[in-house]
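Q: Let me give you the structure first, and then I'll get to my questions.
Taken together, the values in this text are just the output of simple stated rules run on the coordinates, not laboratory data. Predicted, not measured: the structure shown is a model, and the values here were computed from it. With ideal geometry, Cβ positions are generated from the backbone for all residues, glycine too; neighbour counts draw on all protein chains shown.
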Amino acid sequence: MTEQSEETKSVPKLSAEARRVLGVLIEKAKTTPDNYPMTLAAIVTGCNQKSNRSPQMSLDETDVLLALDQLREVGGAREIQGSGRTNKYRHAAYEWLDLDNPTSAILTELLLRGPQTVGELRTRASRMYSLDDLNAAQTAVDLLVAKGLVESLTPPGRGQTFAHTLYPPEERRYLEAKLEKRAASSVADSSGPVAPAASTTAIDEIMSRLDAFEEKLDAIERRLATIEEQR
C-alpha cells in the first residue's frame, strides 16, 4: 500500500453539519479575525448565512453543538474560555489536516460551496488568501489531492470539477449520481443548436461581480450578527 493511499484512508468522514461548521470556523478566522474565536451564536449565523454557501442550511444551536462535538472528537475543533463566561470555539485544521494558507482557503470553499472548478476556486478562495493566478490555485488543489483531501469528479480538461473527500459514503454516492445525471443532460442538450460559447474573460468577469456582491451581503450579515450579540 502506498503512502498516499494510507493518507487517503485516514481522511475523516464528516456529517454535512460538521463540514459546514468546520468551513465557517476556518473562513471567519481569515475574514473576520477580530471576532474569532467564535461564540455558538456566531457559528449558527455563519452556517445559515445566504452568501458563500451551497446548499443553504437552517441549523439551530443543538445542530451546531452536535457538529462541534463531532469535530472535537476527531481533533478538528477546540472549545476555549472566552471573555466573561462565554465559551468560544476555534478550528484546528492546520495541524489536524496539515494545511497551509492556500490549501486551507481552497478546502474551505469546497466545504462551504461544494464541488467547483479550479477557476471558481481561485476566484472565491481569494477572499481568504490571494492566489496570484490559475497555476497557484492548481498547485494548491494538487497538494490537497496528494494528501487525499480532494479528488477530481470529472475527467481532466476544461470544466474539470473537484470536491473534498470528507463526504460519508452515502453522500459520495449521491454526488456521483447527481454528476452523472448532469453529464447525461449536457449530452442531450448538445444534440440541439449550438449557442456561441461565452469567452473565459467574460465568465471570469461575471463570477467576479457575483462574488463581490456576495461579499457585500456577507459583510451586512456579519454586522447584523454583531449587533444581535451585543443586545
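Q: In nm, give the distance between the simple-model label positions of Ser152 and Asp34, each being 7 Å from the Cα along the Cα-to-Cβ direction.
A: According to this spin-label approximation, the distance is 4.4 nm.
Q: Report the gain in length on full extension from Asp132 to Leu179: 0.36 nm times residue separation, minus Cα-Cα distance, nm rounded to one decimal.
A: Here the segment from Asp132 to Leu179 would lengthen by 13.9 nm.
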